[in-house]
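Peer 1: Please see the structure below; I have some questions.
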């Protein structure tokens, strides 16, 4: 299993990430990592937590879009992935941070042909941590551009907030009015009438590639899996040394505040702990 990307990360790629808030990296994980992730994914689907959602579920057609979130050490395969894979160094270097803390893992499993979209959103709106953070997203299967996760370059630099959207079962994308976010702007219709106003990017990807995107980069899922094609993806969230635990308006999703408290971490603290290990430090 490789501990560094099979293709070294360049200064130009780091600069592109900081400018656009998203970059796709080729050949980051070897086949051994993909096999490990497949085993971990199977365990997670068979042993869901209370945080599990079916973003889509149609018993008549068998269509399912499964989501769950896990602490770094909850699943042995994902613990190893978070601590021993190239991700931590990539996260730290992209963030320009002194350290990279593994926050948590999310998994997404789409049944073959699932057409459900992922609503446009910013991850950090629902995080119980602020500051400089990012996600690293990888798929076990190939990703055609027609069903790729999409991004708006530079949106991590947009000021202000946008309304939170629902991620509840079969209720994707409805805007919510949240106390404390009265000044939040309506979410544009990036799938429809407002799409032509923005530069929107996405990529064909192969197993072993990954997406790295800032916690405030606007993104959404095109869906539209081809018939017979499913998708298993894992996204690991990373924080820098400047991040602090917060209670966001409308509540955190997933909400790790009670879990962090068991490790002596309270609101206002950096989340670094055995639950959220500091995996990488700049030399």
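Peer 1: Just checking, how many residues over the range 57-81 are outside any helix (DSSP H, G or I) and within 18 Å of the chain's Cα centre (by Cα)?
Peer 2: First pass over the range 57-81, keeping only residues outside any helix (DSSP H, G or I): 57-75.
From the residues that got through so far, the ones that are within 18 Å of the chain's Cα centre (by Cα) too are 65-75.
Total meeting the criteria: 11.
Peer 1: Tell me which residues, restricted to the range 82-101, are buried (at least 24 other Cβ atoms within 10 Å of the Cβ) and more than 19 Å from residue 17 (Cα to Cα).
Peer 2: Within the range 82-101, 82, 85 meet the criteria.
Peer 1: Also: Pairs needed: first member in the range 192-219, free of Cβ contacts under 8 Å to residues at least 40 places away in the same chain; second member anywhere, in a loop (DSSP other than H, G, I, E, B) and surrounded by fewer than 15 Cβ atoms within 10 Å (Cβ to Cβ); C-beta distance under 9 Å; at least 6 residues apart or different chains.
Peer 2: Qualifying pairs under 9 Å: 195/189.
Peer 1: A further question follows. Identify, please: which residue in the range 178-199 is touching a strand residue (DSSP E or B) at 6+ places or on another chain (Cβ under 9 Å) and more than 10 Å from residue 161 (Cβ to Cβ) and is, among those, surrounded by the fewest Cβ atoms within 10 Å (Cβ to Cβ)?
Peer 2: Within the range 178-199, the match that is surrounded by the fewest Cβ atoms within 10 Å (Cβ to Cβ) is 186.
Peer 1: Residues to consider are 257, 267; find the one that is touching a strand residue (DSSP E or B) at 6+ places or on another chain (Cβ under 8 Å) and without any contact (Cβ under 8 Å) to a residue 24 or more places away in the chain. Break it down into steps so the answer makes sense when it comes.
Peer 2: Details: 257 fails: without any contact (Cβ under 8 Å) to a residue 24 or more places away in the chain.
When all the criteria are applied, what remains is 267.
Peer 1: On the given criteria, is residue 260 at pLDDT 95 or above and more than 17 Å from residue 125 (Cα to Cα)? Lay out the reasoning, then the answer.
Peer 2: Numbers: at pLDDT 95 or above: yes; more than 17 Å from residue 125 (Cα to Cα): yes.
Here the answer is yes, as residue 260 does meet what is asked.
Peer 1: Determine which member of the set 276, 281 is closer than 30 Å to residue 205 by Cβ and surrounded by fewer than 18 Cβ atoms within 10 Å (Cβ to Cβ).
Peer 2: Result of the check over 276, 281: 281.
Peer 1: Consider residue 242 carefully, then state whether it is at pLDDT 95 or above, within 27 Å of residue 153 (Cα to Cα) and surrounded by fewer than 16 Cβ atoms within 10 Å (Cβ to Cβ).
Peer 2: Against the criterion (at pLDDT 95 or above, within 27 Å of residue 153 (Cα to Cα) and surrounded by fewer than 16 Cβ atoms within 10 Å (Cβ to Cβ)), residue 242 qualifies.
Peer 1: While we're on this one: Need the failing condition index for residue 131 against (1) part of a loop (DSSP other than H, G, I, E, B); (2) modelled with pLDDT of 90 or more; (3) over 30 Å from residue 82 (Cα atoms), just the number.
Peer 2: Answer for residue 131: the failing condition is (3).
The values are calculated or read from the model by the stated rules, or taken from the named source; none is laboratory data. Remember, predicted model here, so these are calculated numbers, not experimental data. Quick reminder, even Gly has a Cβ in these numbers, built from the backbone with ideal geometry, and neighbours come from all protein chains shown.
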